[in-house]
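Read through the structure below, which is laid out as structure tokens, and then see the notes.
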């Protein structure tokens, strides 16, 4: 929370919180090196941290990394809708897929899904999430009159049948009403910071912000 307050005093626009599961066990085939150096281990979940940081600030925005590989899209949509309410629209989701063996094994799998397949799954994951965010609750579904709280006729059950057996099956209404924000999207901002395969140029199509790293400004190209 002190970091968030310091960022606001320094006129910083946003704080980005990276995240991963288990740790990066690539070097040496295990976590010993990472643990010994104290680097990218003992890492707290950024999603609940954002609500605490937002409570002590007014202008700073926050973005958290959550993988499409292991979190159910219905759960993620609800989590970030909740943060959208609590932060008054100051939240974004950094979309990633998970590739380490340690994370896969921690989730009950023998190995991670192959690279290109992970991005195909991520594309469909985003389709489900955006259906829940943008199509479940109509703009005028929240009434709160003396005899009606929410208009059932304006709240839509989202039906999604995955393209493959291990893709996503969804049937249900989004569990949070959309947050009213003036001149902005009714859902959290989506960010992409990982390089997708060639057939998915720049990012999975619903991403609204792309994060890039380059040593020279002239190497940065806008997505189209």
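If you take the residues in region 21-51 that are in contact with a helix residue (DSSP H, G or I) (Cβ under 8 Å, 6 or more places away or on another chain) and part of a helix (DSSP H, G or I), which one is nearest to residue 79 (Cα to Cα)?
47
Any idea which of (1) modelled with pLDDT of 90 or more; (2) out of contact with any helix residue (DSSP H, G or I) (no Cβ under 6 Å at 6 or more places or on another chain); (3) surrounded by 14 or more Cβ atoms within 10 Å (Cβ to Cβ); (4) under 29 Å from residue 21 (Cα atoms) is the one residue 124 doesn't satisfy?
For residue 124, the exception is condition (1).
Looking only at residues that are surrounded by 10 or more Cβ atoms within 10 Å (Cβ to Cβ) and farther than 14 Å from residue 133 by Cα in region 172-198, which one is modelled with the highest pLDDT?
For region 172-198, the residue satisfying everything is 191.
Out of 77, 54, which single residue is assigned to a helix (DSSP H, G or I) and farther than 14 Å from residue 188 by Cα?
Checking each option against the conditions leaves just 54.
Please verify whether region 147-159 includes one or more residues that are surrounded by 14 or more Cβ atoms within 10 Å (Cβ to Cβ), part of a loop (DSSP other than H, G, I, E, B) and in contact with a strand residue (DSSP E or B) (Cβ under 7 Å, 6 or more places away or on another chain).
So far as region 147-159 goes, no, none of its residues is surrounded by 14 or more Cβ atoms within 10 Å (Cβ to Cβ), part of a loop (DSSP other than H, G, I, E, B) and in contact with a strand residue (DSSP E or B) (Cβ under 7 Å, 6 or more places away or on another chain).
How many of the residues in region 82-138 are in contact with a strand residue (DSSP E or B) (Cβ under 8 Å, 6 or more places away or on another chain), without any contact (Cβ under 8 Å) to a residue 40 or more places away in the chain and farther than 25 Å from residue 43 by Cα?
4
Determine which member of the set 91, 56 is at pLDDT 90 or above, in contact with a helix residue (DSSP H, G or I) (Cβ under 6 Å, 6 or more places away or on another chain), exposed (fewer than 14 other Cβ atoms within 10 Å of the Cβ) and under 23 Å from residue 4 (Cα atoms).
Going through 91, 56 in turn, just one is at pLDDT 90 or above, in contact with a helix residue (DSSP H, G or I) (Cβ under 6 Å, 6 or more places away or on another chain), exposed (fewer than 14 other Cβ atoms within 10 Å of the Cβ) and under 23 Å from residue 4 (Cα atoms): 56.
Would it be correct to say that residue 103 is modelled with pLDDT of 95 or more, surrounded by 19 or more Cβ atoms within 10 Å (Cβ to Cβ) and over 15 Å from residue 189 (Cα atoms)?
no
The values are calculated or read from the model by the stated rules, or taken from the named source; none is laboratory data. Because the structure is a prediction, the values reported are computed rather than measured. With ideal geometry, Cβ positions are generated from the backbone for all residues, glycine too; neighbour counts draw on all protein chains shown.
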